[in-house]
1. I'd like to know which of Ile98, Asn53, Ser43 lies farthest towards the positive end of the charge dipole of the stretch 4-101, counting +1 on Cβ of Lys and Arg and -1 on Cβ of Asp and Glu.
2. Please list the non-local residues whose amide H lies under 5 Å from the amide H of Ile196, H modeled 1.01 Å from N, same-chain partners needing a gap of 5 or more.
3. Where does each of Thr385, Thr5 land when they are ranked from fewest to most other beta-carbon atoms within 10 angstrom?
4. Measuring from label point to label point, each 7 Å out along Cα→Cβ, what is the Asn177 to Asn220 span in nm?
5. Beyond 23 Å between alpha-carbons counts as too far, so tell me which of Lys67/Lys90; Lys20/Lys217; Lys344/Lys415; Lys47/Lys87; Lys136/Lys344 fall in that bin.
6. If you place +1 on the Cβ of every Lys and Arg, -1 on the Cβ of every Asp and Glu, and leave all else neutral, what size is the dipole of the stretch 4-101 about its Cα centre, to the nearest 20 Debye?
7. If you take every residue apart from Asp93 with its C-beta less than 14 Å away from the C-beta of Asp93, what net charge results, scoring Lys and Arg +1 and Asp and Glu -1?
8. Please compute the length gained on full extension between Phe6 and Ile192, using 0.36 nm multiplied by the number of residues separating them and subtracting their Cα-Cα distance.
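Quick note: the coordinates plus some simple rules give every number you see, no bench work behind them. Just so we're clear, the structure is a prediction, and the values are computed from it rather than from any experiment. Glycine also receives a Cβ, built like all others from the backbone with ideal geometry; neighbour counts cover every protein chain displayed.
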Amino acid sequence: MLDITFIRDNSKLVKEGARKKHIEIDIDRLLFVDVERRKLLASVEEKRAEQNNATARVSEGISDNEKTELIARMKEIKDNLQKSEKKLKKVMDEWQSIMLKVPNMPSMSVPEGDGEDDNVELKTWGTSPRFDFEPKNHIELMEMHDMVDFKRGIKVHGFRGYFLKNDGALLSWAVLNYARDFFHKRNFMPFIAPAIVKKEYFYGTGHLPGDANDLFKTQNEDYLSGTAEVPMMAYHADEILKKETLPLRYLAFSPCFRREAGSHGKDTKGLVRVHEFYKLEQLILCEASHEESERLHEEINRNTEEFIESLELPYRQLEICTGDLKSAHVRSYDTELWVPSEGKYREIGSASYYHDFQARRFNIRYAEEGVNKYVHSLNATAIATPRVLVALIENNQKANGSIVIPKVLQPYFGKKTIE
């Protein structure tokens, strides 16, 4: 979340940031409630101090009459304190509710726009294959080679269910094992992260309250995570880190779960949108420096690009405009792979940074010259499977239906083609 002092001192700027992100938020109401919150906090602290002083005097050697009067006064103080605490709780609940909805400030470099149609293409890489035959989609190719079973997947899981099998399972493992080695060489500490995470930490990353409909909930009111970003940010919750350990660079593998609640009718077949998948995520915690956040953001985004380039898959990179930028993001890039059967690019990952927006909610700080500062956080997709298989299989198909395996994957997959 943003610092309330920053909001007080820069209310016009915060309103403008919310306008750019098309987020409705009553900053004036927040500031009014904040004044009430501070008044009540001062009142409660004053009454508690008075109560403590009275309690201390009762234990002193005072006369019975004074003690009787003091005990009566203590009861009055207690009653007033309870009333003030009740008012404070009501005001705090409203204050916290509004604070959680205040969006992060977008970077000045983010292009302004209304939605995804206004995202800006920054680059394209590779040449989309030109087939002298009618290319098949990944569903046809994978079913032809007995790599997937959607029918039984739907029977077992339900809508959007699937089984990867035979070369489908082996190819998915090959991608993940190659990615593990590829990113490990870039100085990341490897993790396997839990998928079931306490509800409070989804508020920390900014996935709640806005993404509630896209999350699977447990019977204990916790959630299944859609990205390792959530457990990895929670890893250092309420900790004070040593500055010399920064930046902390983590590569986390986790199963991921998304309801795709806003995608009814979209991509109902195949592996583009599924409820459960696997992902490697890059996450970095660094010192509180905009320049450092910018530098590391470019680095982790480039890591993903280089990985995709090593697979020889055509892609493009988009700068996300203000109207499509998520509430918690300062700046974000999307990377999209070319899908021949659709004749367009489809998202495979994103890279984003947050300044201290998430760290304030998680209370992750570092000590510098006797002062505790909030870290900055960044994350980027390394790779997600099975979605990557869509582009991998379709771009490398041959007229006879065989699939050529990229050279870098062949040692992990064990053969050069799927015949």
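1. Ile98
2. Close amide H contacts, sequence-distant or interchain: Ser225.
3. Numbers: Thr385 21, Thr5 9.
If I rank by nearby Cβ atoms, fewest first, I get Thr5, Thr385.
4. 3.4
5. Values: Lys67/Lys90 34 Å; Lys20/Lys217 31 Å; Lys344/Lys415 29 Å; Lys47/Lys87 14 Å; Lys136/Lys344 15 Å.
Over 23 Å apart, Cα to Cα: Lys67/Lys90; Lys20/Lys217; Lys344/Lys415.
6. Working: 23 positive and 19 negative charges, 113 e Å.
Its charge dipole is roughly 540 debye.
7. Overall, the nearby charge balance is +3.
8. Working: separation 186, 0.36 × 186 = 66.96 nm, distance 3.65 nm.
Fully extending the segment from Phe6 to Ile192 adds 63.3 nm.
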